[in-house]
Amino acid sequence: MSNLDKAIAELRACRIIPENEVRELCFKARELLIEEGNVVQVDAPVTICGDIHGQFHDLIELFRVGGDVPDTNYLFMGDFVDRGFYSIESFLLLLCLKVRYPDRITLIRGNHESRQITTVYGFYDECLRKYGSANVWRYCCEVFDYLALGAIVLGTSTRLERVPSISDTQQTEDLTPTEDDTELEILNADNVITARFSRNRRRQVMDPTELTSSSPSSSPIQSTPIRNGPAGTGATSDSNGSIGNNGGAVFCVHGGLSPLVETIDMIRLLDRKQEVPHEGAMCDLLWSDPDDIEGWGLSPRGAGFLFGANIVKRFNHFNDLSLVARAHQLVMEGFKEMFDSSIVTVWSAPNYCYRCGNVAAILELGEDTSNGGTIARSNGDVGRSLGDSAFQNLQLPAEPRPGPGRRYRVFAAAPQDYKGMPAKKPVADYFLVSRFCRLGKKRQR
Amino acid sequence: MSDLQKSFARQKFDNLPIDPPLPPNANMLEQEDRDSSSASSISSTGTIRPGPGQGLARKRPDANSESYSPVPWHSFFTTTLKLSWVHSPFIYHAYYTPPITPEAPLFVLHHGAGCSGLSFAACVSHLKAIAPDIGILAADARGHGETQFRPEYGDEELTDGKLNMSLERLADDLEAVIELLKKDAGWEHLPNIVLIGHSLGGAVVTEVAMRGKFGRKVLAFAVLDVVEGSAMDALRSMNAYLAARPQVFPSLEAGIEWHLRSRTIRNLDSARISVPSYLKPLASSDGQTTKYEWVTDLAYTSPYWNDWFGGMSRKFLEARGGKLLLLAGTDRLDKELMIGQMQGKYQLQVLPEAGHFIQEDVPEKTAHLLIEFWKRNDGSLLVLPPKVGSAGN
């Protein structure tokens, strides 16, 4: 058993590895990541995951629900650290897996993979607490600077294959076999289909109990147009185009789009090996949010922008994309499709911060095998030779391209091992006074 | 603490975009504190705190009485106002600097419980240094500072002889002060307004923003170091705290010194301006020695504490306009604010180096954040990037 496998075993058991091993691991990881472009190319099939935020036990649950590495090909869209109590274990486990199986796991950068943010939201403190020094934090931050900014998933299928039997337990006592025109499926943590939407809406099968149990949407966008799906899905609206087998590429990024970025190529030109800046394209990619507005708007977060449906549709069209997958926003249902399924938010931290009461989701995209596995579709490079003129006066097609078949697996928080958690921070009697006053008083007496 | 950690701490703060402007004495304190504290105490909150066994009463080198002398208000504001409707029960006292251009915004500041408008004075000097055009209005709330109550017009404001301190009335007062200023200044229209409230003031500006009386004139509002969930938790220990703090100070200097030694306020320069306005002379029997007591009897406001903070998170998220939550030490969001933050509904800034009185402890950084926040939310200043389709033309 190699050192790396030992480290993986230790981390899987939620135990930290020695500082010198972290150093070595981070060094190896940087060597790997430096070879990756700003936009990593990933081949389907792939399972796309959103924010983790140091919720180690939920990450293990995610692997249980989605399949283990290297059996399942994963793409994590950033925000591995902060807020949860196990940022170190979570990030180092992902990093170990990356070094061990570089072709089976992709990590891209989130806005929390930053020195400034981790100093305030927990990761830095956790490193000091668990290692007694900030060295591990520093090693990890150096790795953050090398993480890719986005990923392009190629070779996705518009068709959903039958649910592979992850655990050989109850195969869905289906419901007819999945047909070619199934666009979207939602499964629970026990591998049972709870909702299914066909591209042509001929068939919809839902488990009514599951649907009624989903709480009212508290998603970022309140006034979602009326749709037939359960909360979080917009799949049944109008992406019922012709049934093809290859969807366009899927662009994955932590936050969203940037007004400074018209093409995927522009992202490839950025110098990413730096702390996340306060403004500019790199900042926007990690900070922006979709919203029900026209064009661009101000982000209430204080960084990045809001962008509307027309922005996403143009971006997808110009770059020959069928979908933007992003994370960054808590969605109570785990995922949320918007703008006629042109963009989806995937959130993978259930019961966020141990108190938000949300479920989590991961998104599985299947592989298009119709051409013997060769990739016929775009890689986001379209229009490269045409220059700017290609983007002027272009009309959007009446029918958006058919999106890839999408299988969401929704899961709840894993039982927590509260033993290892730090005691609740003392209540700050802060609303009138310094929280250290009383300490001072005691000493004075 | 090892040299390595210290050098790291320096490096860490060097990496921040704006250096935390620690006042000279705070710098020194930090050094002392960190020398004697374990690494874990830094790590727990990232906040500077006295190390165990370190006597707070120990004199610091600069602790001569000279340095605790009060500083008057007039180097920070242009004027003071006494605002009142005819026969209204209050004469509101406010510190005021008018906006210089018609486009310049008016920053309306509301202090926390037991404080006064001068709680913002140190911050105001930095605000004006960064953005000289802006106007600033910092009023004293009822029962605070120099705002006067006229019982002859205000029967309905009294319950069992005590002033009504409900959030509703405090918000009414703030609206009234803004209206009165408009009348007093002879403005046809109000300038754009940025509401900023510290602690209790945060609850008041949230209420005013939620009511929306001034419509789109309120560009944005900022709340300094108050979160409903943790404020409610903190209320339980408030009475014990109030009972433990001194009721009387032999002099204003002693009051200033107490605020610094107890680390209630961590910036000498600010405490010298603000603390004198929190205290008033106590009528003495011999008519010679003057002692000082608190202007505001906080214990008697206790029936209103739940009212001040209850439902604040919901209102904060629902009110329109840009929103900034500025927290000291560490982030202590309650569930509603945590969900809101992770859905990107407001801006959150945490200042690990500050105590509860953020605007007093780190006035320069607070001022920079507030100006940046205003500029971001002022539609006339923000130029959005061109639409995708028009690029390259």
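The values are calculated or read from the model by the stated rules, or taken from the named source; none is laboratory data. The model shown is predicted, which means the values in this text are computed figures rather than measured ones. When we count neighbours, we look across all protein chains shown, and the Cβ atoms used for this are built from the backbone with ideal geometry, even at glycine.
Being of a type in the set (D, E, K, R) and closer than 22 Å to residue B:246 by Cα narrows it down to one of B:307, B:361, B:378, B:331, so name that one.
When all the criteria are applied, what remains is B:361.
Can you find, within region B:293-305, the residue that is nearest to residue B:341 (Cα to Cα) among those that are away from chain A (no Cβ under 12 Å) and assigned to a helix (DSSP H, G or I)?
So the residue we want is B:304.
Only one residue in A:99, A:136 is more than 17 Å from the chain's Cα centre (by Cα), buried (at least 19 other Cβ atoms within 10 Å of the Cβ) and closer than 30 Å to residue A:369 by Cα, so which one is that?
Step by step, each of A:99, A:136 is checked, and only A:99 is more than 17 Å from the chain's Cα centre (by Cα), buried (at least 19 other Cβ atoms within 10 Å of the Cβ) and closer than 30 Å to residue A:369 by Cα.
Which of (1) within 14 Å of chain B (Cβ to nearest Cβ); (2) crowded, with 21+ Cβ neighbours inside 10 Å; (3) touching a strand residue (DSSP E or B) at 6+ places or on another chain (Cβ under 9 Å) does residue A:292 not meet, given it meets every other one?
The failed condition is (2).
Which residues, counting only those in region A:78-120, are of a type outside the set (A, V, I, L, M, F, W, C) and closer than 23 Å to residue A:280 by Cα?
A:78, A:79, A:109, A:110, A:111, A:112, A:113, A:114, A:115, A:116, A:118, A:119
Looking at the structure I just gave you, is residue B:355 facing another protein chain (nearest Cβ under 7 Å), part of a loop (DSSP other than H, G, I, E, B) and modelled with pLDDT under 95?
Against the criterion (facing another protein chain (nearest Cβ under 7 Å), part of a loop (DSSP other than H, G, I, E, B) and modelled with pLDDT under 95), residue B:355 qualifies.
Testing residue B:132 on (1) over 30 Å from residue B:259 (Cα atoms); (2) buried (at least 24 other Cβ atoms within 10 Å of the Cβ), one condition comes back false. Which one is that?
For residue B:132, the failing item is (2).
Exactly one of (1) within 14 Å of chain B (Cβ to nearest Cβ); (2) among the β-branched types (Val, Ile, Thr); (3) in a loop (DSSP other than H, G, I, E, B) is unmet by residue A:136. Its number?
Here residue A:136 clears every test but (3).
Please go through region B:344-365 and give me each residue that is β-branched (Val, Ile, Thr) and crowded, with 24+ Cβ neighbours inside 10 Å, ordered by number.
B:358, B:362
Does residue B:245 count as on the phi > 0 side of the Ramachandran plot and within 12 Å of chain A (Cβ to nearest Cβ)?
No, not satisfied.
In region B:309-347, how many are small (Gly, Ala, Ser), in a loop (DSSP other than H, G, I, E, B) and touching a Ser or Thr at 6+ places or on another chain (Cβ under 8 Å)?
Within region B:309-347, residues that are small (Gly, Ala, Ser), in a loop (DSSP other than H, G, I, E, B) and touching a Ser or Thr at 6+ places or on another chain (Cβ under 8 Å) number 3.
Would you be able to tell me the number of residues in region A:73-127 that are out of contact with any His (no Cβ under 7 Å at 6 or more places or on another chain) and of a type in the set (D, E, K, R)?
9
Restricting attention to region B:257-270, which residues are more than 12 Å from every other protein chain (Cβ to nearest Cβ) and of a type in the set (A, V, I, L, M)?
B:268
Taking only region B:200-222 into account, find how many residues are at pLDDT below 95 and hydroxyl-bearing (Ser, Thr, Tyr).
Qualifying residue count for the region: 0.
Okay, residues lined up against (1) free of Cβ contacts under 8 Å to residues at least 40 places away in the same chain; (2) part of a loop (DSSP other than H, G, I, E, B); (3) of a type outside the set (Lys, Arg):
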| site | (1), (2), (3) |
| --- | --- |
| B:188 | yes, yes, yes |
| B:195 | no, no, yes |
| B:205 | no, no, yes |
| B:265 | no, yes, yes |
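Could you figure out which of (1) within 9 Å of chain B (Cβ to nearest Cβ); (2) assigned to a loop (DSSP other than H, G, I, E, B); (3) under 18 Å from the mean Cα position of the chain (by Cα) isn't true of residue A:302?
That leaves (3) as the condition not met.
Of all residues in region B:310-343, how many are crowded, with 23+ Cβ neighbours inside 10 Å, modelled with pLDDT under 95 and over 24 Å from residue A:112 (Cα atoms)?
Qualifying residue count, region B:310-343: 0.
I'd like to know if region B:321-329 contains one or more residues that are among the aliphatic types (A, V, I, L, M) and over 15 Å from residue B:222 (Cβ atoms).
Looking through region B:321-329, none of the residues is among the aliphatic types (A, V, I, L, M) and over 15 Å from residue B:222 (Cβ atoms).
Taking the condition of being over 21 Å from the mean Cα position of the chain (by Cα) and either on the phi > 0 side of the Ramachandran plot or more than 7 Å from chain B (Cβ to nearest Cβ) (or both), how many residues in region A:278-289 meet it?
So the answer is 2.
Are any of the residues in region A:271-286 part of a loop (DSSP other than H, G, I, E, B), of a type in the set (A, V, I, L, M, F, W, C), at pLDDT 95 or above and surrounded by 21 or more Cβ atoms within 10 Å (Cβ to Cβ)?
Within region A:271-286 (the criterion being part of a loop (DSSP other than H, G, I, E, B), of a type in the set (A, V, I, L, M, F, W, C), at pLDDT 95 or above and surrounded by 21 or more Cβ atoms within 10 Å (Cβ to Cβ)), the answer is yes, since at least one residue qualifies.
Output the residue which, of all residues in region A:108-133 that are among the hydroxyl-bearing types (Ser, Thr, Tyr) and more than 24 Å from residue B:327 (Cβ to Cβ), is nearest to the other protein chains (Cβ to nearest Cβ).
Among those residues, the one meeting the criterion is A:133.
Do the conditions hold for residue A:341, that is, is it over 17 Å from residue A:78 (Cα atoms), at pLDDT 90 or above, surrounded by 18 or more Cβ atoms within 10 Å (Cβ to Cβ) and not β-branched (Val, Ile, Thr)?
Answer is yes for this residue.
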